[in-house]
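The values are calculated or read from the model by the stated rules, or taken from the named source; none is laboratory data. Note that the structure is predicted; figures quoted are calculated from it, not measured. All Cβ positions, glycine included, derive from the backbone under ideal geometry; neighbour counts span all protein chains shown. Please note that ligands, DNA and RNA were not included when accessible areas were found on the heavy atoms of the full protein model with its side chains. Shrake-Rupley method; radii C 1.70, N 1.55, O 1.52, S 1.80 Å.
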Amino acid sequence: MALHRIHKTLAAMLCIFCLIGCVQAVPPDLLVALEAIDQDLIALRAPEAAPEEYGQFVRQWVSLKARVQLDDDLIRWPWESSDLENDLRRLYIIGERTVSQLHERQASQHRAAQAKVVRLEEQLHTITSKVESIDGRILLGEKVVQTDLLVKQARSFFEQKDFQRAIQAAEKADHALKAQALLLSQELGRYANESRIASWQALARQTIEWSRLHQSTAIVVSKADRELTLYKNGRKVISYPVRLGFNGMLEKQFQGDGATPEGRYRVTDKRGPGQTQFYRALALDYPNAEDRRRFELAKKSGKIGSAKGIGGQIEIHGADNELLAQTLGCIMLDNPNMAVLYGGVSVGTPVTIVGALTRENAVALALSELVQRRDEI
């Protein structure tokens, strides 16, 4: 009996030893680690950032999980090799390496996107202020709004940590800003053209000399600097800031284009209260013979449509009418300045309107900076 009990005890101990010594075919912590790797890859946008590597990982992971389910009830001795465990560990190493590479790639994209978005926002602020300073917003139209939306979109993608899309949106905004700077240079480049500036300077000198010879008053307006200067007997009396048409910086082509005309004109009428919709007004003889000649040539060449008219009713006026505060091509002064000017001139006073009087005019300087900024973007 004693011997039988000893045998039973030894058998029980052997069973316990076997149970303790045996292990599952696949360590549970390895499966947990692989699940975590899969989640990390999703969080790092691996399906988009590394589609080939992620696709390969997923295919192997799905296949190995199926094998795990089939072998779920199997146990083995610790010293026994498991092909399934080895395959899982190899997949873990591959997945861990991919996660590490994506972390590095994401950090690099973060730095690149941040630098690009921040620089773009700074450039947009600077360029916008320059565009406003030369009345270029109307000329650019909806392009300004579209570019602003692209910049905001780039910032939004960046904050969502979608750095690749942030960079793509920023690059689109880059191209848009460069296109705007190019368009402004093409449309307003004459303000930096030396021969045009020389011709404008000659017109202004001739007007001032006429004032001296005739011992009379004359007016010179510089569109680039938005300044009206009154001369008397060839000497400068006073200068006033002015506002122009909503497309005032452009050369006037036809009625309704919002451009302020350039050339030699004369005051044809002085309009006081009850005679004008503004505080005071000095009517000019636009269009004159030279304006009509240019208009007909532009029509013949096809630059202006056949249905367009040349327009008229260009004035130097005050600002009482708020609805018309943005003029359609006229020159507008604040009322106190308009009162002084109105009292200082008479019908017949010559008025010369030019684009600019110096090479360092406001438009030329703004265009130069826009080109520089465009090259820096």
Between LEU149, LEU177, which is among the hydrophobic types (A, V, I, L, M, F, W, C), assigned to a helix (DSSP H, G or I) and closer than 27 Å to ASN361 by Cα? LEU177
Please give the number of the condition THR217 fails out of (1) over 19 Å from GLU290 (Cβ atoms); (2) out of contact with any Leu (no Cβ under 9 Å at 6 or more places or on another chain); (3) in contact (Cβ under 8 Å) with a residue 24 or more places away in the chain. (2)
Considering (1) in contact (Cβ under 8 Å) with a residue 12 or more places away in the chain; (2) open to solvent by 70 Å² or more (accessible area, probe 1.4 Å); (3) more than 20 Å from THR260 (Cα to Cα), say which one HIS125 fails and leave the rest. (1)
Return the residues of the stretch 302-320 that are under 34 Å from the mean Cα position of the chain (by Cα) and under 20 Å from LEU282 (Cβ atoms); say none if nothing qualifies. ALA319
Mind checking which residues of the stretch 291-341 are surrounded by 14 or more Cβ atoms within 10 Å (Cβ to Cβ), acidic (Asp, Glu) and modelled with pLDDT of 90 or more? ASP291, GLU315, ASP334
Pairs, please: C-beta under 8 Å, at least 6 apart or cross-chain, first residue farther than 15 Å from GLN106 by Cβ and in the stretch 32-60, second among the acidic types (Asp, Glu) and open to solvent by 70 Å² or more (accessible area, probe 1.4 Å)? ILE37/GLU96
Picked from the stretch 255-280 (must be assigned to a loop (DSSP other than H, G, I, E, B) and open to solvent by less than 50 Å² (accessible area, probe 1.4 Å)), the residue farthest from LEU140 (Cα to Cα) is GLY272
Selected residue (only one of ALA224, ALA283, ALA218 is among the small types (Gly, Ala, Ser), assigned to a loop (DSSP other than H, G, I, E, B) and at pLDDT 90 or above): ALA224
Are there any pairs with C-beta distances below 9 angstrom linking a residue in the stretch 224-247 that is under 26 Å from LEU139 (Cβ atoms) and among the basic types (Lys, Arg) to a residue that is open to solvent by less than 80 Å² (accessible area, probe 1.4 Å) and not in a loop (DSSP other than H, G, I, E, B), with the two at least 6 apart or on different chains, and if so which? ARG226/ALA362; ARG243/THR327; ARG243/ILE331; ARG243/MET332
Residues of the stretch 182-213 being of a type in the set (Ser, Thr, Tyr) and under 20 Å from GLY234 (Cα atoms), in sequence order, are SER199, THR207, SER211
Scanning the stretch 139-167 residue by residue, those in contact (Cβ under 8 Å) with a residue 12 or more places away in the chain, more than 14 Å from the chain's Cα centre (by Cα) and open to solvent by 90 Å² or more (accessible area, probe 1.4 Å) turn out to be LYS161
ILE42 closer than 30 Å to GLN160 by Cα, open to solvent by less than 40 Å² (accessible area, probe 1.4 Å) and modelled with pLDDT of 80 or more: no
